Amino acid sequence: MKVQALFAAALLSLAAAGADAACTRPAGEAPAIPNGAKADEQSMKEAHDTLQAYVVQLEDYKTCLKGMYDNPPAGTSEEQKLAWLAQGDAAVDAANYLANQFSYALKAFKEKTTPSQPAPAAK
């Protein structure tokens with residue numbers, strides 16, 4: 001899971017390059033996704049809540065960058081405007097990546113905690 005967190009952090013680092021000070025990307029590393037096969041219910045819930053808050057911050061960052069693109073300061077180059085769009089897209093990609101990783105962890109958690117159903121008897 002650390003590799004995934006590093007990947008998400010790298011995406012966010014790329015997203016921040018050249019971003020205007022008016023738009024602030026989430027600080028720090030992306031939330032850690034627990035190993036669903038080993039995690040308890042409390043750690044899964046905490047990870048979910050932390051991830052949701054982080055995704056909202058990424059979405060706010062993208063919205064801010066889109067606003068900068070739509071209403072740029074005078075003299076803003078087309079290259080800078082396109083960079084803002086790319087940074088916003090990278091933030092969304094990071095959010096999607098983290099959400100997918102959590103989905104895999106949740107699936108593993110549910111497989112661990114849900115008792116298996118016996119196969120129906122053949123008639």
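None of the figures in this text is laboratory data; all of them are computed from the coordinates on show. Just so it is clear, the model here is predicted, and its values are computed rather than measured. Every residue, glycine among them, receives a Cβ derived from its backbone with ideal geometry; neighbour counts consider all protein chains shown.
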- Between Gln57 and Asn100, the FRET efficiency computed from the C-beta separation at R0 = 22 Å comes out, to the nearest 0.05, as 0.75
- Note on the structure: The local net charge around Leu51, scoring Lys/Arg +1 and Asp/Glu -1 for residues other than Leu51 whose Cβ lies under 13 Å from its Cβ, equals -3
- Query: Nearest 0.05, what FRET efficiency do His48 and Asp89 give at R0 = 22 Å with Cβ-Cβ as r?
  - Reply: 0.35
- Query: Loop-only check: which trypsin sites (Lys or Arg not before Pro) in region 22-94 are DSSP coil with at most 14 other Cβ within 10 angstrom?
  - Reply: Lys38
- Item | Extension gain from Ala74 to Lys38, taking 0.36 nm per residue of separation minus the Cα-Cα distance | 7.6 nm
